[in-house]
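Asker: Let me give you the structure first, and then I'll get to my questions.
Please treat every number below as a calculation from the coordinates, not as lab data. As the structure is a prediction and not an experimental result, all values here were calculated from the model. We place every Cβ from the backbone using ideal geometry, glycine too, and count neighbours over all the protein chains shown.
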Amino acid sequence: MVYKRKLRSLNQGELDVIWAMTSKQREQELLPIRVPIFKGLIGYRIMVIQDTKQQDLTHILSTQQIKAMVAIQGPDWADTDILRANGFKVQTSDWYNGFYRGVSKGFYDYLPKSILEPWAEMRRFRFNNLAY
C-alpha cells in the first residue's frame, strides 16, 4: 500500500496503525511510535540495477558518479526528499510495479531499496535482467 493510501485509510478509521519512514512533516501530522521494528536496517540501501551494468557499477565508488545516475522512487517516500536535498537525480512514480519495469528497460539507472526489501520483490516481479 502506498503511503497516501495508508494515510487515507488511517484517517478514515480503516487502519489503527501504519508503518512508515519518518520525516518532520509526518511526525507533525501523525503520532509517532518510535520503535525501530527493523533495527535500523531499513536505512541501509542497495541498488536494484540491470544485470548488464553490475560489473561497471561495482567499480563506481564515487558519490558524484552515483549522483549523475537517475534513481526511481515513490513521490511520498521520505528518502526521496533526502536524496534530492543531497544532489541525487530522482524521478518519482506512484506506480510501484513500474519501478522494476523502468529499471529493467533502462528508463532509470537504479532503484534504491532497503537491504531488507528487494529479495521477495525481485522474485515477485520476475525481471530476469535485474540484479542488486
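Asker: Antiparallel as a % of all DSSP beta bridges within the chain, to the nearest 5?
Answerer: If we restrict to bridges inside the chain, about 55 percent are antiparallel.
Asker: Compute the relative contact order of the chain as a whole-number percentage, counting only Cα pairs closer than 8 Å that sit 6 or more residues apart in sequence.
Answerer: 32
Asker: Okay, moving on. Would you kindly state how much longer the chain becomes between Lys4 and Ile60 on full extension, computed as 0.36 nm times their sequence separation minus their alpha carbon distance, in nm to one decimal?
Answerer: Values: separation 56, 0.36 × 56 = 20.16 nm, distance 3.45 nm.
Gain on extension, Lys4 to Ile60, equals 16.7 nm.
Asker: At 0.36 nm per residue, minus the direct Cα-Cα distance, what do Ala120 and Glu14 gain on full extension? Give it in nm, one decimal, please.
Answerer: Length difference between fully extended and current span is 35.5 nm.
Asker: Ignoring everything except DSSP H segments at least 4 long, calculate the 222 nm mean residue ellipticity for the chain; use -39,500 (n - 2.57) per segment, divide by total residues, nearest 500.
Answerer: -9500 deg cm²/dmol
Asker: Testing the spin-label approximation: label points 7 Å from Cα along Cα→Cβ at Glu27 and Lys89. State their distance in nm.
Answerer: Result: 3.3 nm between the two label points.
Asker: Grab the Cα-Cα distance for Arg34 and Val70, subtract it from 0.36 nm times how many residues apart they are, and report the gain in nm with one decimal.
Answerer: Between Arg34 and Val70, full extension yields an extra 9.8 nm.
Asker: Considering only the other residues whose Cβ falls under 10 Å of the Cβ of Asp94, what net charge follows from Lys and Arg at +1 and Asp and Glu at -1?
Answerer: Net local charge, Asp94 excluded: +1.
Asker: Right, another one. For a protection proxy built on the mean count of beta-carbon atoms within 10 angstrom, sort 68-75, 40-47 highest first, please. Intermediate values should be presented prior to the final figure.
Answerer: Values: 68-75: 18.0, 40-47: 13.6.
Taking the mean over residues of other Cβ atoms within 10 Å, the ranking is 68-75, 40-47.
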